[in-house]
Amino acid sequence: MAANVTGLTEIRGALARLRRTTGLPVAFGGLVDAGRQQMRISELSGNATPALSALAVTAGSGLGGKAVALARACAVTDYSSSRQISHEYDSAVAVEGLRSVLAVPVVVRRRVRGVLYGALRTAQPLGDRALTAAVEAARDVEQALVVRDEARDLLTAARPAAAADRSGAAAWEQVREAHAALRALAPRITDPGLRAELLAACGLLTPAAAPVAGVAGVRLAPRELDVLACVAAGATNAVAAERLGLRPETVKGYLRSAMRKLGARTRGEAVAAARRTGVLP
């Protein structure tokens, strides 16, 4: 359920951006049910009626179904009279008063995960600007779903690793790698529920430990901890910056601040101190 909510949140935002950047009066879309090869329209923006709401579109049928089947963008200038598509959904489209429509698939790892539509209530070519904006909006959703999938995979891998015997070097190193990856992914998650779940999982991966002498009660800011987790995984400042979406100079600043709080003179000392305090696994 959380996965679907996250995907719909991203689609909703993409539809709003699509209307804003193109001036299209109507945009709508939804996610594909892989088991049924069916896409259900669940998100609508600018609609005048509920005719399209919850409409189930089968792969290969109508414009959206064609986009799902071909895994590429499709468009028609006059939906009801187009010979390029089948017409199972003409009634709902007519009630909403749509004429020119485009449909762009959201494709993740070669699988269509959703469809974004944009439409006019007049029969006229939509043009390259509208198509390009729709494709860019779909790419944004794709990236968000990739991040979500990576996060879920890491959570799945991290839980058994955390439960493993911590005296096992290989298992414990896996925990550390998962922790660093989760910390790097969390800031890129737009859904607050999933982001909180990731950070909670990070907390479960860190051991309880006695404070380091001289730095009792040390509190690292979230970004300081993100940077330190990357450093602990062997990342350079440049690599950490790329993973976290920060500038290298910003990474240096967070690292210096963390080192000062931990009473460390080097990166290695900072990582060791953070592990002894229990803020890093």
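Throughout, read-outs are computed from the coordinates displayed, never taken from laboratory work. In this text the structure is predicted, and so the values were computed from the model without any measurement. Please note: Cβ atoms are built from the backbone with ideal geometry, for glycine as well, and neighbour counts cover all protein chains shown.
Assorted remarks:
- Counting 0.36 nm for each residue step from THR266 to ARG20 and taking away their Cα separation leaves a gain of 83.7 nm.
- Note on ARG256, ARG223, ARG109: ascending count of other Cβ atoms within 10 Å places them as ARG109, ARG256, ARG223, the fewest first.
- Annotation for ARG109 and SER86: the two label points, set 7 Å from Cα along the Cα-Cβ direction, are 2.9 nm apart.
- Built amide H within the under 5 Å cut-off of GLY278, gap 5+: none
- Full extension of the chain segment joining VAL95 with ASP128 gains 9.2 nm, where the gain is 0.36 nm per residue of separation less the Cα-Cα distance.
- Pairwise label distance in nanometres, ALA34 with GLU173, each label 7 Å out on the Cα-Cβ vector: 3.1 nm
- Long-range HN-HN contacts of VAL26 with modeled amide H, under 5 Å: ALA119
- Peptide ranges 259-268, 137-146, 180-189, 71-80 listed from the most packed, as the mean C-beta count within 10 angstrom indicates: 180-189, 137-146, 71-80, 259-268
- Sorting ILE85, ILE11 from the fewest to the most surrounding beta carbons within 10 angstrom yields ILE85, ILE11.
- Exposure proxy ranking for SER42, SER86, based on other Cβ atoms within 10 angstrom of each Cβ and starting from the fewest, stands as SER86, SER42.
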